[in-house]
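Worksheet: the structure to be examined is printed underneath.
The values are calculated or read from the model by the stated rules, or taken from the named source; none is laboratory data. What you see is a predicted model, and the numbers here were worked out from it, not measured in a lab. Here the Cβ positions follow ideal geometry from the backbone for every residue, glycine too, while neighbour counts run over all protein chains shown. Just so you know, the surface numbers come from the protein's heavy atoms only, side chains and all, with ligands and any DNA or RNA stripped out. Shrake-Rupley method; radii C 1.70, N 1.55, O 1.52, S 1.80 Å.
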Amino acid sequence: MIRTTLATTWAKGRGRAWILFSAGSLLAVLTGCWVARTSGVPSRSLIMNLLAWIVGLVLCGLIARGGRSLGAFWVALGVLGLGATILSPPLEGVHRWIGLGPVRLNAAELLMPAAMVGVATLRMPTWVSVLVLALFIQPDASQAVAVACASIAILVIRKTTWTTVAVVSLPAAALAVAAVLQPDRLSPVPEVEGIIGLANRVSPLLAALAVMALAGTVLIPLLLTRTPSRLVRSAAIGLTIYLSLSAIAPIFGAFPVPLVGMGMSPILGWWLGFGALAGLARIESEAGDGS
């Protein structure tokens with residue numbers, strides 16, 4: 001009876017979180033599309049963002065209903081995806097993208113949200129340093145910092161031994177700092193990195209709406225922290241830290257604005273991350289794991 005009640009309560013909680021995440025992310029995407037359209041950005045970019053939101057929604061539902069946890073899979077996919085970018089031809093000296101036919105996707109923005117959820121499930125999270133190392137090589141300072149900080153928080157919340165925390169955290173933190181100190185040779189694009197500035201030119205209220213929608217979406221995973229499962233709590237907080245740092249990075253440099261800016265990768269990636277988290281929460285509640 002207790003296990004059934006817990007599963008029912010968490011099903012309702014995941015449902016509310018899913019609705020709010022859907023509403024917040026859609027508002028952010030639509031606001032960005034409106035700003036881009038008003039600013040003369042080609043319609044193809046707008047259509048691709050909207051399509052990415054729909055595809056992401058479907059993928060999120062499938063992942064959340066999956067029959068088992070895919071934590072190790074997401075981390076492995078993240079390692080392979082980042083590795084593929086390093087082997088791919090650079091753009092202005094930067095290795096961040098993988099090509100899928102006519103579409104070019106930023107591997108870190110696509111795969112790191114779900115990988116952060118995956119990190120929470122690993123007994124030996126030594127692959128974190130590999131992820132940050134690949135981001136250093138790309139280089140991508142914003143993603144390196146986001147992944148390092150989120151991973152360290154996950155290890156601490158999980159109450160991993162301090163030896164393991166040190167072994168994983170020190171190299172990751174050092175690589176993240178080194179990534180920040182590297183020059184970023186990629187030229188910024190107004191509708192990607194500067195979309196909030198474009199929104200402010202159209203209307204300060206529109207810019208405020210975009211920021212509020214993005215900020216609200218970032219915080220939705222925290223709704224899944226009301227659980228006795230330390231595994232889910234660490235994954236939810238880690239994902240929130242990753243999303244938050246990715247969202248505020250454009251304040252400090254020419255980094256893409258997720259959801260609002262033109263780009264499919266973060267839209268798909270945020271959906272994958274939320275789906276992985278919702279799936280983990282469902283599995284943990286059904287198992288009645290109170291660890």
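How would you rank 153-161, 53-61, 197-205, highest first, on the average number of other Cβ atoms within 10 Å across their residues? If you can, show how the numbers build up before the last one.
Details: 153-161: 18.7, 53-61: 17.1, 197-205: 15.6.
Packing proxy ranking, top to bottom: 153-161, 53-61, 197-205.
Helix check for the chain. Which DSSP H runs span at least 18 Å along their own axis by Cα, with a mean Kyte-Doolittle hydropathy no less than 0.5?
Details: long enough: 2-38 (54 Å, 0.55); 43-64 (32 Å, 1.88); 71-87 (25 Å, 1.95); 107-121 (21 Å, 1.51); 141-157 (24 Å, 2.24); 162-181 (27 Å, 2.01); 204-219 (23 Å, 2.22); 230-248 (27 Å, 1.29); 264-287 (35 Å, 0.75).
Span-like helices, by this rule, are 2-38, 43-64, 71-87, 107-121, 141-157, 162-181, 204-219, 230-248, 264-287.
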- request: Only one of the values (i) 1.27; (ii) 0.97; (iii) 1.10 was calculated from this structure for Cα Rg over 2.2 N^0.38 Å; name its label.
  value: (ii)
- request: Would you work out what percent of the accessible area of the chain, with all protein chains in place, is carbon or sulfur (probe 1.4 Å)?
  value: 71
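So if R0 is 35 Å, what FRET efficiency would Val58 and Glu92 give, r being the distance between their Cβ atoms, rounded to the nearest 0.05? Provide the component values of the computation, followed by the final result.
On the way: r = 33 Å, r/R0 = 0.96.
With R0 = 35 Å, the Cβ-Cβ based efficiency is 0.55.
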message: Using the basic label-point model (7 angstrom from Cα toward the beta carbon), what is the Ala84 to Arg44 distance in nanometres?
response: 2.1
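Ranked from highest to lowest mean number of other Cβ atoms within 10 Å per residue, what is the order of the peptides 81-88, 167-174, 229-236? Intermediate values should be presented prior to the final figure.
Working: 81-88: 17.1, 167-174: 19.1, 229-236: 24.2.
Taking the mean over residues of other Cβ atoms within 10 Å, the ranking is 229-236, 167-174, 81-88.
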field: Cut-off under 5 Å, modelled amide H: who pairs with Leu91 long-range
entry: Arg96
